[in-house]
Amino acid sequence: MNRVYISLLPILLLFFSGCENIFNRNIAEGSIEFEITYPETDHGDLMAGILPNQMILRFKDGRTAGSVGTPMGIFKTDLLAFPETRTVFQLVKLMNQKHALRVDSSEIESLYSEFPEMKIHFVDSTKEVAGYECKMAIVTFKDNIKEEFSIFYTDDIDLDNSNWFTPFHEISGVLLEYQVRKYNYEMRLTATKVVSEDIEESYFVVPDDYVQIDQDDMDKIFEEFRDI
């Protein structure tokens, strides 16, 4: 009997380890944990040790709240997106400074114009990411100003039009592996876990002690972070 149990144990573990992702299909409230890597960053870069290495994306009622922080707690930024009002808030905490930037849909479109012109190619290929079978897309740039990269997204999370405020707004599914560039750093985000859980309303509220600033001031704050 013991021999039978031992031989079945690996199969049972394999089955039950996949159950969590089966039950997480089409969830409308929960969180996604991402690992952040920097494909173009030299290991000798002095910033490499303090750059964020994880993002948590929380979602509820179509809203999203992404949170990124440095390992030592020097820097933290949150991005709150509200599709019903087409507004986004970026919160930044640097040392003891707390600032908030509010942008609407027209300002977001203006920001798109500052990015290199890109084209998204939908291809017939899939890959498993965080237990989800994801579809693949390839991002290319006009005149090859940047190297192309791949994106993987899923339709099995109930979060409609989650990319409306990003350069990838053509993609209707939830991104589980993708790449972005901000303030001279290329970041690759790969989902490692998707959790169905109750999300507190406080994640979608701008704290009273955050000072409202404009885009120019926000850019200066990120430049200060790079100079630390």
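The values are calculated or read from the model by the stated rules, or taken from the named source; none is laboratory data. Everything numeric here is computed off the predicted structure, so don't read it as measured data. No Cβ is skipped: glycine too gets one built from the backbone with ideal geometry, and neighbour counts run over all protein chains shown.
Quick notes
- Within region 65-80, if we keep just the residues that are assigned to a strand (DSSP E or B) and either at positive phi or surrounded by fewer than 18 Cβ atoms within 10 Å (Cβ to Cβ) (or both), the residue that is modelled with the highest pLDDT turns out to be LYS76.
Residue by residue, here is whether (1) touching a Lys or Arg at 6+ places or on another chain (Cβ under 6 Å); (2) of a type in the set (Val, Ile, Thr); (3) crowded, with 17+ Cβ neighbours inside 10 Å; (4) more than 25 Å from ALA137 (Cβ to Cβ) holds:
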residue	(1), (2), (3), (4)
GLY173	no, no, yes, no
GLN179	yes, no, yes, no
LYS182	no, no, no, no
ALA191	no, no, yes, no
VAL194	no, yes, yes, no
VAL206	no, yes, no, yes
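- Output for region 166-209, where each listed residue is under 12 Å from the mean Cα position of the chain (by Cα) and either within 15 Å of GLY62 (Cα to Cα) or of a type in the set (S, T, N, Q) (or both): THR166, VAL174, LEU175, GLN179, THR190, THR192
- Of the residues making up region 81-115, those that are in a loop (DSSP other than H, G, I, E, B) and in contact (Cβ under 8 Å) with a residue 40 or more places away in the chain are PRO83, ARG86, PHE115.
- Residue list for region 172-202, filter: more than 21 Å from ILE36 (Cα to Cα) and at pLDDT 95 or above: SER196, GLU197, ASP198, ILE199, GLU200, GLU201, SER202
- Residue that is over 15 Å from PRO83 (Cβ atoms), of a type outside the set (Ser, Thr, Tyr) and surrounded by 13 or more Cβ atoms within 10 Å (Cβ to Cβ), where the choices are ILE145, ILE151: ILE151
- Among residues of region 45-95, those that are under 17 Å from the mean Cα position of the chain (by Cα), more than 16 Å from ALA28 (Cα to Cα) and of a type in the set (S, T, N, Q), counted: 6
- The lone exception for GLY62 - which of (1) modelled with pLDDT under 95; (2) surrounded by fewer than 19 Cβ atoms within 10 Å (Cβ to Cβ) it fails: (1)
- Condition check for VAL139: over 24 Å from GLU35 (Cβ atoms) and of a type in the set (A, V, I, L, M): no
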